[in-house]
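Undergrad: Once you've had a glance at the structure underneath, I'll fire off some questions.
The values are calculated or read from the model by the stated rules, or taken from the named source; none is laboratory data. These numbers were taken from a predicted model, which means no experiment stands behind them. Cβ placement follows ideal geometry from the backbone for every residue including glycine, while neighbour counts extend to all protein chains displayed. Keep in mind that these areas ignore ligands, DNA and RNA; they rest on the heavy atoms of the full protein, side chains included. Shrake-Rupley method; radii C 1.70, N 1.55, O 1.52, S 1.80 Å.
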Amino acid sequence: MRQKLNLVTLGVDNFERSLNFYERGLGWKKSDKSIDNLALFPLGGITLALYPRHELEEDANLPVTPSEFSGLTISYNAKSEKEVDEVLELVAKLGATIIKPAQKVFWGGYSGYFKDPDGYEVEVWYELVNGQ
């Protein structure tokens, strides 16, 4: 198997609410391959999909088992510490829950976390590399 991932699909409880958060709130553009209950957001090498949770559960033949932390995070690489702060402020205004305010972290970067409307953990991070 090739070492490559192309698509991350989030099973969402309220498709319209989630679509509104990512498309209208964050300003992300859907692919023209999106259909009524499947939103595809090209992210520069990988695509994020939104799909109704109950339909994803049925497709995978697995029951959804809610937990506080899924063990998976999605990360957005910001261009600066200022952008990390701006993104966290924006998503909070859009109804996301800030679960870790931005701060300097042990690996030398600056990061914070939020939960999107469906409870998915998203890290917003920046790392100064080689003075750039």
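Undergrad: Just to be sure before I move on: is V12 within 19 Å of W125 (Cα to Cα) and open to solvent by less than 50 Å² (accessible area, probe 1.4 Å) in the structure I sent?
TA: Here the answer is no, as V12 does not meet what is asked.
Undergrad: Something else about it: Find all pairs meeting these conditions: Cβ atoms under 8 angstrom apart; at least six residues apart or on different chains; first residue within region 44-68 and of a type in the set (S, T, N, Q); second residue outside any loop (DSSP other than H, G, I, E, B).
TA: T47/L7; T47/V8; T47/L40; T47/F41
Undergrad: Looking only at region 50-64, decide whether some residue is open to solvent by 50 Å² or more (accessible area, probe 1.4 Å) and within 28 Å of A102 (Cα to Cα).
TA: Taking every residue of region 50-64 in turn, none turns out to be open to solvent by 50 Å² or more (accessible area, probe 1.4 Å) and within 28 Å of A102 (Cα to Cα).
Undergrad: Here's something else I'd like to know. Based on this model, can you work out whether G45 counts as loosely packed, with under 13 Cβ neighbours inside 10 Å, small (G, A, S), in a loop (DSSP other than H, G, I, E, B) and at pLDDT 95 or above?
TA: Spelling it out, it is not the case that G45 is loosely packed, with under 13 Cβ neighbours inside 10 Å, small (G, A, S), in a loop (DSSP other than H, G, I, E, B) and at pLDDT 95 or above.
Undergrad: Could I ask something else about it? Conditions: (1) open to solvent by 100 Å² or more (accessible area, probe 1.4 Å); (2) in contact with a Leu (Cβ under 9 Å, 6 or more places away or on another chain). L5 meets all but one. Number of the miss?
TA: (2)
Undergrad: Here is a follow-up. Before we move on, is F69 more than 24 Å from L5 (Cβ to Cβ) and of a type in the set (A, V, I, L, M, F, W, C)?
TA: In short, no.
Undergrad: Quick check: anything in region 19-37 within 16 Å of the chain's Cα centre (by Cα), more than 27 Å from Y110 (Cα to Cα) and open to solvent by 60 Å² or more (accessible area, probe 1.4 Å)?
TA: Yes, because at least one residue in region 19-37 is within 16 Å of the chain's Cα centre (by Cα), more than 27 Å from Y110 (Cα to Cα) and open to solvent by 60 Å² or more (accessible area, probe 1.4 Å).
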